[in-house]
Each structure stands twice: as structure tokens, then as C-alpha cells.
1. Would you mind getting me the FRET efficiency between Q164 and D114? Use the beta-carbon distance for r and R0 = 41 Å, nearest 0.05.
2. Grab the Cα-Cα distance for T105 and V91, subtract it from 0.36 nm times how many residues apart they are, and report the gain in nm with one decimal.
3. By how many nm would the segment from A39 to K98 grow when fully extended, if each residue of separation counts as 0.36 nm and the alpha-carbon distance is taken off?
4. When you take every Cα atom in the stretch 57-164, what is the radius of gyration, and what is Dmax, the widest Cα pair distance, in Å?
5. Rounded to the nearest 0.05, what FRET efficiency do A155 and K61 have when you use their Cβ-Cβ distance and R0 = 35 Å?
6. Order these by the 10 Å Cβ neighbour count, fewest first: D114, D109.
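Since every read-out is calculated from the coordinates, none of them should be taken as a lab result. Computed from a prediction, not measured in an experiment: that's the story for all the values here. As a convention, Cβ positions derive from the backbone with ideal geometry for all residues, glycine included, and neighbour counts pool all protein chains shown.
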Amino acid sequence: MKLIQSINLGVAFAILTLLAGCGGSSKPHAHPAAEAEGAVKVVRITGNDAMQFSHSEIRAKPGQAIALILTNTGKMPKQGMAHNWVLLKAVTESEVNKIGMAAATKAPDYMPDDRSNIIVYTKMLGPGESDTIEFDAPSEPGKYPFICTFPGHYAIMRGNLIVQ
Ligand SMILES: [Cu+2]
């Protein structure tokens, strides 16, 4: 399976324009021509009822604009099986565990109170739901862990954003 599923730039810009039009984006995309260097990476990632992300690795250039679309392709009820995508700073393994454990008590969104090590995150999604987030990859090259913070999932549902 291809690690990164990119779609062509035209579609990427259409999505970004749509996002900007919804007023949800704080970042202006007034000059799409200036970004036509293949700068925007569209990543489609899924989570399923087997507690699996479709990607364990995502690659980006430092500071690269990313539109990430997470879809829960499962059928199980949200109370028992929901997924989000939470990108962390380049923290240690024990810090990843700490965040995962802190999130577990925070129903229904399962996001920890202390978000100082969290870069960006999607909504917690039930079956068939989808959420799109737009962000820039960290400017520092490195390995940035991503996890699902639904209780018990972070140990399995995890991967890395590799910035280089
Ligand atoms: Cu999950």
C-alpha cells in the first residue's frame, strides 16, 4: 500500500479554497499560484473497527502545508469505537503514553487538559464520520508521533509524521 495518498494539486486547492470559504481557516490562501510548487500535501487517512490507521508513516517537508482528512470507516457505535488523529511534538515514548492515559478519562472527546505537547488534532469521529484539518508541518526536521486518543487505542493506533 502506498504510504501517502496524494491527489492532484487542482483538487487540493479546491479543497483548501472550500475550507477557507467555510471560515474555519485562519490561514489565507489568496495566492494559490504561489503555492503551485507541489507545496500542499493532501493526506487521506482512515481508522477502522480493528483499531488500525491506514498509515503508520506520513512524510512532509519542513513547514509544508498539509490538508489531512481522517475518516472512520468502521461501523461500531461511537461510544465503543471512535477515532481521532492527534499530532504530537517530538516527545519521548513515555510522554506519548502519558498523553494517551490522560486522554482516556476525558469523555466524550478524549483530549487531555494539558495540550502543550499537541500540535494539531481532528475531532473524535464515530462510524462514517470524517474531519479535515489544515496545518503546516513543523519547521524542524524530525519524527513527530501521531496517535488516536480514544481509550486504549494509542498503544496500537499510532505512527509518525516524518519531517525531512
Ligand atoms: Cu481510535
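1. 0.90
2. This chain segment gains 2.9 nm when fully extended.
3. My answer for the length gained is 17.9 nm.
4. Every Cα atom of the stretch 57-164 included, Rg and Dmax give 13.3, 39 Å.
5. After rounding, the FRET efficiency stands at 0.75.
6. Ranking D114, D109 by Cβ neighbours within 10 Å, fewest first, gives D114, D109.
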